[in-house]
1. For n ≥ 4 DSSP H runs only, could you compute -39500 (n - 2.57) per run for the chain, divide by its residues and tell me the 222 nm figure to the nearest 500?
2. What lysines does LYS94 reach when the alpha-carbon gap must be under 21 Å and sequence neighbours fewer than 8 apart in one chain are set aside?
3. Taking the simple approach of a point 7 Å from Cα along Cα-to-Cβ for both PHE51 and VAL22, what is their distance in nm?
4. Set the Förster distance to 30 Å, then compute FRET efficiency between LYS75 and PHE6 from the Cβ-Cβ distance, nearest 0.05.
5. Using a simple spin-label model with points 7 Å from Cα along the Cα→Cβ vector, what separation in nm is obtained for ALA95 and LYS34?
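Values in this text are rule-based calculations from the coordinates and carry no lab data. Nothing here was measured: the structure is a model prediction, and the numbers come from that model. Cβ placement follows ideal geometry from the backbone for every residue including glycine, while neighbour counts extend to all protein chains displayed.
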Amino acid sequence: MIEKFFILEGGYLIIAALVLLVTLFVTTRPFMSKSAPKKGLISVSLVLAFFIGAHFYVTTSRMAAVKTAFENGEKILCESRMLRKAAQSITIEKANNWHMEGDNFVSPNYSRPFHSARCIVP
């Protein structure tokens with residue numbers, strides 16, 4: 001579960017670290033009070049933790065719904081980053097030779113897998 005968290009939220013964790021660095025820089029300026037760094041870092045950390053946690057919850061819930069729908073034979077729409085100019089999404093279904101390997105949809109007809117976090121049930 002921790003590995004999945006870092007895979008899905010890694011980019012947001014880096015952005016959060018940068019936001020915390022900016023918060024630290026701003027709250028240590030001479031015109032700020034002595035307690036500003038502590039208050040600022042705690043409040044910004046709590047807000048960032050809430051939003052990153054909420055995003056992880058929503059993403060994993062959607063992934064579970066996508067997997068369930070796929071196993072039930074429904075169509076799944078996935079974001080295609082390979083062809084940005086033409087088809088920006090691809091329809092995946094079990095009947096078209098797709099299968100799951102972990103969290104990825106894989107087909108012998110495509111050179112790359114599609115992660116279930118980037119898919120929805122239409």
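1. Rounded to the nearest 500, it is -18500 deg cm²/dmol.
2. LYS67, LYS75
3. It works out to 1.0 nm between the two label points.
4. For R0 = 30 Å, the calculated efficiency reads 0.50.
5. 7.3 nm
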